[in-house]
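Below is one structure, written out as structure tokens; the observations come after it.
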Amino acid sequence: MTDRIAVVGGGISGLSAALALEPLARARGLELHVFEREPRWGGAIRTFRQDTLVIDGGPDCFLARKPQGVALCRDLGIEGRLMGLRPGTSGAYVLADGKLRRIPLGWTTGIPRGVRPLLGARLLPVGARLRALRDLVPGRPVEGDVSLGAYLRGRLGDGIVDRLVDPILSGVYAGDLDALSLESCAPELAARARSGASLIWGMVRRRPGPPPTGSVFLTVDTGMQGLVEAALDRLGSARLHAATSVTALARTGDGYELTLAGGGRLDVRGVVLALPAPRAARVLASAAPRWAQALERVDCVDLAVVGLAYRDGDVGVPLDGTGFVVPRRERRAITAATWLGAKWPRPSGSLVPVRAFLGRAGDRGLLDLSDEQLVAKARGELEPLMGITAEPMVKVVFRHPQGLPQYTVGHGQRMRALAEATRAWPAFALAGSAWDGVGIPDCIRSGQGAAAIVAADLGLSGGT
Ligand SMILES: Cc1cc2nc3c(=O)[nH]c(=O)nc-3n(C[C@H](O)[C@H](O)[C@H](O)COP(=O)(O)OP(=O)(O)OC[C@H]3O[C@@H](n4cnc5c(N)ncnc54)[C@H](O)[C@@H]3O)c2cc1C
């Protein structure tokens with residue numbers, strides 16, 4: 001019997017699985033092999049660094065309230081390098097009728113926390129504000145899964161949904177609110193929907209959590225790539241295969257055979273497949289065609305992030321927020337911008353780092369554009385809004401083909417059924433952003449959960 005186990009995929013999901021398996025494998029004298037298609041590790045996580053300038057081209061932070069992010073950083077010894085939002089920077093802007101307007105106080109993810117914030121939100125037309133008052137009357141309970149858009153439009157009306165909820169909520173998935181699943185993308189709202197109760201009163205009555213002890217979002221001082229580097233340092237005893245794609249997986253008598261690009265093969269006793277859904281589908285296409293079909297159903301959106309840095313003094317508006325979001329109704333190519341210099345307390349010399357996001361569900365051909373075209377598109381929209389007429393000193397493009405999975409209506413049920421079916425294969429588990437949340441802490445949890453399945457099936461997690 002082979003003495004190897006494997007993790008396929010070197011993004012945060014795969015690295016989290018590998019970190020969980022590494023001490024167990026070492027204790028049992030098993031080789032742990034980790035495969036990553038690209039020459040670099042980290043998947044969606046990538047950071048541009050130049051002197052003290054840091055521009056994250058994928059995630060630039062993670063939610064502090066989900067414990068897995070901080071816990072992993074603690075385990076890796078980099079908790080002391082985490083930083084919260086720059087003190088004094090609060091809130092963000094939204095593009096409304098071509099102008100940047102502050103997202104009103106007293107609103108959470110585009111939903112007012114009471115009647116006063118609703119009526120006081122002057123960036124919304126009066127008619128939209130009055131329409132939302134209808135939410136105060138309980139409605140019919142929602143049964144089963146529906147789209148976020150259908151539910152929120154029914155309660156609050158199109159005016160608020162299109163202007164505020166869409167850019168904030170669908171921004172996380174770069175998705176279409178009218179296709180995204182209420183249950184999978186907003187479980188807290190789904191619970192409220194099932195009671196038919198008012199959303200606004202729900203926001204008012206939400207029991208306050210423990211007093212906030214720090215920032216809602218956290219990042220690593222040297223950029224999110226710092227998390228990946230710390231993970232790789234910890235994986236010293238594992239066999240790390242960068243630039244090595246796994247093209248297929250087949251079952252053998254006592255485990256699995258991985259086929260590598262170039263024709264190599266490796267027998268393993270257990271495997272975590274921590275890949276984006278379309279990639280996992282390809283690897284499983286011949287061994288498990290039905291699972292592959294289910295994975296192919298997870299549509300993924302192409303994204304690009306354009307990082308720019310301007311000379312201090314060349315920016316014509318005060319950067320007194322974390323950036324801005326762009327509703328679909330504004331018909332722009334950029335979906336959001338992060339004012340990195342205002343958001344994080346990093347020294348960036350005399351440069352002002354900014355990044356713009358391009359791509360959302362339904363867009364076609366974005367990644368056919370050259371880097372120059374993507375930069376031109378981003379600058380053409382960003383610079384007039386930020387009062388910039390000067391050339392940027394730094395331009396960098398990050399491409400994310402099929403970068404974000406779309407949790408469309410019924411996603412949760414489909415993925416639960418698939419996860420259940422995969423239990424028929426011992427010491428095999430799928431992980432990644434397609435499963436139970438796209439955020440970094442969700443992916444860490446997913447990778448660790450998959451590692452736990454493999455470890456349990458192989459009897460690695462017990463004491464002897
Ligand atoms: C632009 C952008 C901004 C984001 N912002 C945030 C944020 O601010 N906060 C947050 O919490 N989350 C954010 N997210 C989401 C989060 O970053 C991702 O969901 C998460 O990083 C995905 O990790 P993963 O390991 O599951 O997948 P990936 O990072 O995609 O990693 C999968 C890896 O598998 C490799 N691979 C593919 N096929 C094969 C194969 N056949 N063999 C071997 N290797 C293969 C790929 O090269 C890749 O490295 C953002 C995502 C994007 C795209």
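Listed values, structure above:
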item: Single residue of 149, 139, 157, 127 found to be more than 30 Å from residue 317 (Cβ to Cβ) and surrounded by fewer than 17 Cβ atoms within 10 Å (Cβ to Cβ); result: 139
item: Candidates 360, 379, 399, 355, filtered to the one that is touching a residue at least 60 places away in the same chain (Cβ under 8 Å), outside any loop (DSSP other than H, G, I, E, B), touching a Ser or Thr at 6+ places or on another chain (Cβ under 8 Å) and closer than 17 Å to residue 304 by Cβ; result: 355
item: Out of 409, 454, 438, sole residue that is touching a Pro at 6+ places or on another chain (Cβ under 7 Å), surrounded by 19 or more Cβ atoms within 10 Å (Cβ to Cβ) and either of a type in the set (Val, Ile, Thr) or more than 30 Å from residue 183 (Cα to Cα) (or both); result: 438
item: Neighbours by Cβ (under 7 Å, 6+ apart or cross-chain): first from the stretch 248-263, over 11 Å from residue 283 (Cα atoms); second of a type in the set (Val, Ile, Thr) and at pLDDT below 95; result: 255/2
item: Segments classed as strands (runs of 3 or more DSSP E), wholly inside the stretch 215-279, with at least 1 members that are more than 23 Å from the chain's Cα centre (by Cα), assigned by TED's automatic domain parsing to the domain that holds residue 441 and within 14 Å of the ligand (Cβ to nearest atom); result: 239-241, 246-252, 255-260, 265-268, 270-274
item: Only one of 248, 277, 281, 261 that is within 30 Å of residue 414 (Cβ to Cβ), surrounded by 15 or more Cβ atoms within 10 Å (Cβ to Cβ) and touching a Ser or Thr at 6+ places or on another chain (Cβ under 6 Å); result: 248
item: Members of the stretch 156-184 found to be in contact with a helix residue (DSSP H, G or I) (Cβ under 9 Å, 6 or more places away or on another chain), within 16 Å of the ligand (Cβ to nearest atom) and at pLDDT below 95, listed by number; result: 167, 169, 170, 172, 173, 175
item: Matching residues, the stretch 419-435, being within 16 Å of the ligand (Cβ to nearest atom) and surrounded by fewer than 21 Cβ atoms within 10 Å (Cβ to Cβ); result: 419
item: Which listed residue, of 60, 135, is in contact (Cβ under 8 Å) with a residue 40 or more places away in the chain and either touching a Phe, Trp or Tyr at 6+ places or on another chain (Cβ under 6 Å) or farther than 20 Å from residue 203 by Cα (or both); result: 60
item: So residue 309, is it modelled with pLDDT of 95 or more, away from the ligand (no atom under 11 Å from the Cβ), buried (at least 18 other Cβ atoms within 10 Å of the Cβ) and small (Gly, Ala, Ser); result: yes
item: Residue match in the stretch 279-297 (condition: touching a His at 6+ places or on another chain (Cβ under 8 Å) and closer than 23 Å to residue 172 by Cβ); result: no
item: Count of residues meeting criterion [more than 30 Å from residue 162 (Cα to Cα) and either within 12 Å of the ligand (Cβ to nearest atom) or acidic (Asp, Glu) (or both)] in the stretch 312-336; result: 2
item: Residues within the stretch 185-207 that are basic (Lys, Arg), farther than 13 Å from residue 151 by Cβ and in contact with a helix residue (DSSP H, G or I) (Cβ under 9 Å, 6 or more places away or on another chain), tallied; result: 1
item: Where a residue in the stretch 284-311 is assigned to a helix (DSSP H, G or I) and its partner, wherever it lies, is away from the ligand (no atom under 14 Å from the Cβ) and hydroxyl-bearing (Ser, Thr, Tyr), with Cβ under 7 Å and at least six apart; result: 291/422
item: Check on residue 145, over 20 Å from the mean Cα position of the chain (by Cα), within 19 Å of residue 95 (Cβ to Cβ) and not small (Gly, Ala, Ser); result: no
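Condition check ((1) at pLDDT below 95; (2) of a type outside the set (Gly, Ala, Ser); (3) closer than 30 Å to residue 259 by Cα) across all residues:
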| site | (1), (2), (3) |
| --- | --- |
| 41 | no, yes, yes |
| 45 | no, yes, yes |
| 59 | no, yes, no |
| 71 | no, no, no |
| 81 | no, yes, no |
| 88 | yes, no, no |
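The values are calculated or read from the model by the stated rules, or taken from the named source; none is laboratory data. The shown structure was predicted, so the numbers you read here are calculated from the model rather than taken from an experiment. A quick note on method: Cβ atoms are made from the backbone with ideal geometry, for glycine too, and the neighbour counts reach across all protein chains shown.
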